[in-house]
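Student: Mind having a look at this structure? Questions to follow.
Any read-out appearing in this document is the output of simple, stated calculations on the displayed coordinates, not a laboratory observation. Not measured: the values here are computed from a predicted model. Cβ sites come from the backbone with ideal geometry, for glycine too, and all protein chains shown count toward neighbours.
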């Protein structure tokens, strides 16, 4: 009986050892290591979530900035379009009224013509009318020359210049060595020393020398 009891005790001890070993293995492969593995995974998810939140916040900021820039662009485009229209209008008005002052000056000359015509209708005095017309013409020219830089070209007696003169007719003049303006059919004008209308004139044509006479003269000079 004692041998059986001893054998039974040894079996019980062996089973207890096996149970302890199993619990040790369960502890090594059980819940504790799982908790240790899940802990870093939770931190990674938290970090990822923070990054996503930061990206969402940045996207929202960029969208708001884009809307602000778009609004600013539309405002600038509208301002530029208004500026362009205003400049175009001012340019058109400047063109339309560029000669305003000149026309106002000419209106006074028209007043003089009206007074001269009315005076001529009443008095029927041709000499007075003619004198009045001459005075008006003189006043008009002096006004244009003084205020607007318009000058009349004096051509008669001047050498012919194709930049200033347009020859309508010509006359042979043996005593002239170069072409000279003989008559002025229509006055030429310059504006600030730039020709704006050439004068229509009659010019002299120097008589060409006879070639035989020129040869005789040359032979005479060679013989001497």
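Student: Taking Cα pairs under 8 Å and at least six residues apart, what relative contact order does segment 152-214 come out at, in percent?
Tutor: 41
Student: Among 48-56, 159-167, how do they line up from the highest to the lowest mean number of other beta-carbon atoms within 10 Å? Kindly include the intermediate steps, with their values, before the conclusion.
Tutor: On the way: 48-56: 10.0, 159-167: 15.0.
So the peptides 48-56, 159-167, ranked by packing, come out 159-167, 48-56.
Student: Could you give the distance between the Cα centres of segment 144-177 and segment 77-139, to the whole Å?
Tutor: What the calculation gives is 29 Å, centre to centre.
Student: Moving on to the next point. Any chance you could list P(r) for segment 152-214, counting all Cα-Cα pairs in 10 angstrom bins from zero, rounded to whole %?
Tutor: With a bin width of 10 Å, the distribution comes to 24, 45, 20, 8, 3.
Student: Spin-label point model (7 Å from Cα, Cβ direction): what's the residue 57 to residue 163 distance in nm?
Tutor: According to this spin-label approximation, the distance is 7.9 nm.
Student: Roughly speaking, what is the stretch gain from residue 81 to residue 190, that is 0.36 nm per residue apart minus the C-alpha to C-alpha distance, in nm to one decimal?
Tutor: 35.1 nm
Student: Between residue 121 and residue 69, what is the spin-label point distance in nm, taking each point 7 Å from the Cα along the Cα→C-beta axis?
Tutor: Placing both labels 7 Å beyond Cα along the Cβ direction yields 7.6 nm.
Student: Quick one: what does P(r) look like for segment 33-181 with 5 Å bins over all Cα pairs, in whole %?
Tutor: 1, 6, 7, 6, 6, 6, 7, 7, 6, 5, 4, 4, 3, 3, 3, 3, 3, 3, 3, 3, 3, 2, 2, 2, 1, 1, 0, 0
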